Amino acid sequence: MNNKIYIVIILFFSLGFLACDDELNDLQPFTEGSPQTFFNTPETFQIGVDGVYRQLWLYYSNPDSGLQGIPDIISDNVIQAQTGRKANDDYHDLRYVASTLGAISLYYSEAYEAINGANLIIGQIDNIDGESQQDNILGQALAARAWAHFDLARIYGPIPTQSSDANSALGVTYVKVEDGDSGDPYAQPARETIASNYLEIIDDLERAALLIDKDNIEGRLNKNGVYALLSRVYLYNGEYQKSIDAANKVTAKLATASELPKVYTDETNAGVIIELSINTSSEARGNSVGVLYSQSSRGITTSEYVLDFDFFNSIDANDYRKDVLQFVGTNKGNDYNAIKKFRGEPGQVNGKVDVKVLRAAEVLLNKAEAQFELGQEGAALTTLNLLRQERYSSFVAGTETGTALEDAIQFERRVELACEGHRFFDIKRRGESIERNPTRGDLIDGTGTTPVAPILAAGDFRFQFPIPTAEINANPTVAGQQNPGY
């Protein structure tokens with residue numbers, strides 16, 4: 001990370017997720033000051049927390065390399081359309097290096113900005129000792145700090161279940177104000193192990209779960225959000241019973257078949273547990289997360305990435321998600337399996353929609369996978385069927401066992417979470433390979449230009465992003481801890 005950890009309030013507090021109607025309120029920028037004097041009421045603390053959400057939103061929604069899209073662009077879910085701008089082709093073609101701009105540096109810098117903001121809040125929380133909102137504010141800050149560190153750890157380090165030596169590998173620096181980590185602006189912190197990272201991520205989330213309110217306004221974390229995050233983190237960490245237990249504490253209901261299409265046009269929040277909201281009614285400044293996949297103008301869709309032919313055609317015709325995921329995009333006389341998710345709100349094709357970070361469907365899938373890993377096949381099948389009965393027009397309860405059940409869980413996960421930033425991490429954490437069909441092209445019928453890089457083999461060094469060059473140059477300690485292969 002940047003070795004200057006500023007003890008001031010930076011511009012990221014200039015906008016916060018405050019409005020209960022899913023829109024960002026306009027706040028006057030607070031550019032610099034003392035945390036001791038600024039953080040003196042519950043309201044100012046909540047402004048600080050909302051600024052942390054803003055930082056998370058910046059790296060999830062970035063229209064050039066947001067975390068909502070890059071993990072699918074690297075994976076086997078999509079293929080690059082040759083009539084697009086060739087954006088993000090370094091990632092899709094698996095040739096990213098430490099000096100690559102975009103996602104490599106974006107995630108690192110913005111996540112640590114979020115962490116710094118959370119630490120400012122945690123460090124001053126005693127200023128409102130005894131206030132009724134104190135626990136809820138502290139819970140949000142702890143959970144957001146854990147969330148940002150989790151993203152950093154899974155991007156720049158291995159995932160614990162990825163390989164037998166993953167836990168001893170280098171992760172990232174876990175910055176905690178309680179440990180004095182944010183007190184020295186000239187610090188040159190070393191990377192910590194993945195085992196240490198996950199221990200601290202889980203500790204922050206478990207503390208947050210005891211403090212945070214059951215309900216907070218839209219765009220803010222609440223108790224459901226923390227337990228949903230825990231269900232994911234425990235799954236990544238191979239703590240399967242704890243993943244099940246956390247999932248069981250989530251009360252959010254699954255989006256129904258009729259609700260699901262409206263989730264992606266922001267007409268409903270059904271089944272959405274964690275989102276990062278955007279003003280789409282009056283602002284030009286909001287990021288357009290959907291433009292990673294396509295842009296539309298005057299009836300023409302310029303697709304950047306389209307659905308992989310084999311993947312799209314593996315989805316059953318009776319699956320409601322097929323229409324949620326795809327539309328026919330035409331450009332320069334070519335038809336494509338264009339991506340409908342995140343295309344825009346009703347009547348819009350500008351890509352401006354809320355980022356869906358975690359939905360109830362994922363929690364069910366986390367639970368089903370954890371149950372299977374513990375040998376609880378009957379329970380896993382029951383959990384999986386809860387999802388499938390809302391996703392197929394002619395549902396017949398599955399009866400799979402063994403490998404067939406495992407495959408069914410992973411297939412439903414792939415379809416349900418497609419183009420939402422999961423696929424790369426799901427392949428990575430399971431120690432599998434990314435395999436694109438070398439004979440299938442980008443056009444709607446599978447012809448056209450085939451992928452440049454068909455395979456990323458399990459164990460390949462590129463499953464871990466390189467530490468950005470700017471950090472290597474700024475911190476001599478990290479310069480000696482670059483990820484292998486870079």
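The values are calculated or read from the model by the stated rules, or taken from the named source; none is laboratory data. Predicted model, so just to flag it, every value in this text is computed and none were measured. So basically every Cβ, Gly included, is an ideal-geometry build from the backbone, and we count neighbours across all protein chains shown. Just so you know, the surface numbers come from the protein's heavy atoms only, side chains and all, with ligands and any DNA or RNA stripped out. Shrake-Rupley method; radii C 1.70, N 1.55, O 1.52, S 1.80 Å.
One quarter of the convex hull surface built on the alpha carbon atoms of segment 55-146 amounts to 7.4 nm², the projected area averaged over directions.
Cross-link reach is defined here as a Cα-Cα straight distance under 14 Å, omitting same-chain residues fewer than 8 places apart; for residue 253 the aspartates and glutamates meeting it are 362, 390.
In the chain, the DSSP-assigned H stretches of four residues or longer account for a calculated mean residue ellipticity at 222 nm of -11500 deg cm²/dmol, using -39500 (n - 2.57) per stretch and the full residue count as denominator. Placing a pseudo-label 7 Å from each Cα along the Cα-to-Cβ vector at residue 313 and residue 300 gives an inter-label distance of 2.8 nm.
Apply the Kirkwood formula to segment 291-433: the hydrodynamic radius equals the inverse of the mean of 1/r over all pairs of different alpha-carbon atoms; give it in Å with one decimal.
Values: mean 1/r = 0.0604 Å⁻¹.
After inverting the pairwise mean of 1/r, the radius is 16.6 Å.
For segment 210-310, compute Rg over Rh where Rg is the Cα radius of gyration and Rh is the Kirkwood radius from the inverse mean 1/r over Cα pairs. My calculation puts Rg/Rh at 1.06. Ranked by the mean number of other Cβ atoms within 10 Å of their residues, highest first, the peptides 325-332, 364-371 fall in the order 364-371, 325-332. Values of log10 I(q)/I(0) for the chain across q = 0.14 Å⁻¹ run -1.52, by the Debye formula with one identical scatterer at each alpha carbon and no solvent. With respect to the chain, whose longest principal axis is taken over its alpha-carbon atoms, helix 402-416 is tilted by about 70°. For residue 341, the lysines whose Cα comes closer than 19 Å to its Cα, not counting residues fewer than 8 places off in the same chain, are 262, 322, 352, 356.
Highest mean first, what order results for 141-148, 210-217, 299-306, 54-61 on Cβ atoms within 10 Å? The partial results should precede the final answer.
On the way: 141-148: 27.4, 210-217: 15.2, 299-306: 20.6, 54-61: 24.1.
Top of the packing list down: 141-148, 54-61, 299-306, 210-217.
Working from Cα positions, state the angle (0 to 90°, nearest 10) between the long axis of helix 134-156 and the longest principal axis of the chain. Helix 134-156 sits roughly 50 degrees off the main axis of the chain.
On full extension, the segment bounded by residue 439 and residue 164 gains 95.6 nm, given 0.36 nm per residue less the C-alpha separation.
Out of every Cα-Cα pair that segment 92-247 contains, those further apart than 28 angstrom amount to 23 percent. Loop-located chymotrypsin sites (Phe, Trp or Tyr not before Pro) across segment 161-252 with a Cβ neighbour count of 15 or fewer within 10 Å are 186, with loop assigned by DSSP.
Please work out whether segment 162-235 counts as rounded, prolate or oblate from its C-alpha gyration tensor, where a ≥ b ≥ c are the square roots of the eigenvalues and a/c under 1.5 means rounded, while otherwise a/b larger than b/c means prolate and anything else oblate? It would help to have the intermediate numbers written out before the result.
On the way: a/c = 2.90, a/b = 1.35, b/c = 2.15.
Judged from the Cα gyration tensor, segment 162-235 comes out oblate (a/c at least 1.5, b/c at or above a/b).
Amide H to amide H distances under 5 Å link residue 449 with 442, 443, where only residues 5 or more positions off or on other chains count and H is placed in the peptide plane. Separation of segment 420-436 from segment 340-377 is 15 Å, based on Cα centroids. Seen against the Cα atoms of the chain and their longest principal axis, helix 377-388 is set at about 80 degrees.
With N as its number of residues, segment 183-225 has a Cα radius of gyration that, divided by 2.2 N^0.38 Å, comes to 1.63.
Report in % the part of the accessible area of segment 272-404 that belongs to carbon and sulfur, leaving out ligands and nucleic acids; probe 1.4 Å. Don't skip to the answer; put the middle values down first.
Details: 2430 of 5070 Å².
Carbon and sulfur together cover 48 percent of it.
Inter-part distance, segment 96-160 to segment 162-203, computed on C-alpha centroids, equals 12 Å. With semi-axes defined as the square roots of five times the eigenvalues of the C-alpha gyration tensor, the equivalent ellipsoid of segment 341-389 measures 33, 11, 6 Å, largest first. In segment 209-267, Rg over Rh equals 1.04, where Rg is the alpha-carbon radius of gyration and Rh the Kirkwood radius from pairwise Cα distances.
Just the number: Rg to Rh for segment 374-431, Cα atoms, Kirkwood Rh, two decimals.
Values: Rg = 12.1 Å, Rh = 12.3 Å.
Radius of gyration relative to Kirkwood radius: 0.98.
The label-point distance for residue 199 and residue 132, in a model that sets each label 7 Å from Cα toward Cβ, rounds to 3.9 nm.
Extension gain for residue 470 to residue 245 (0.36 nm times residue separation, less C-alpha to C-alpha distance): 76.9 nm.
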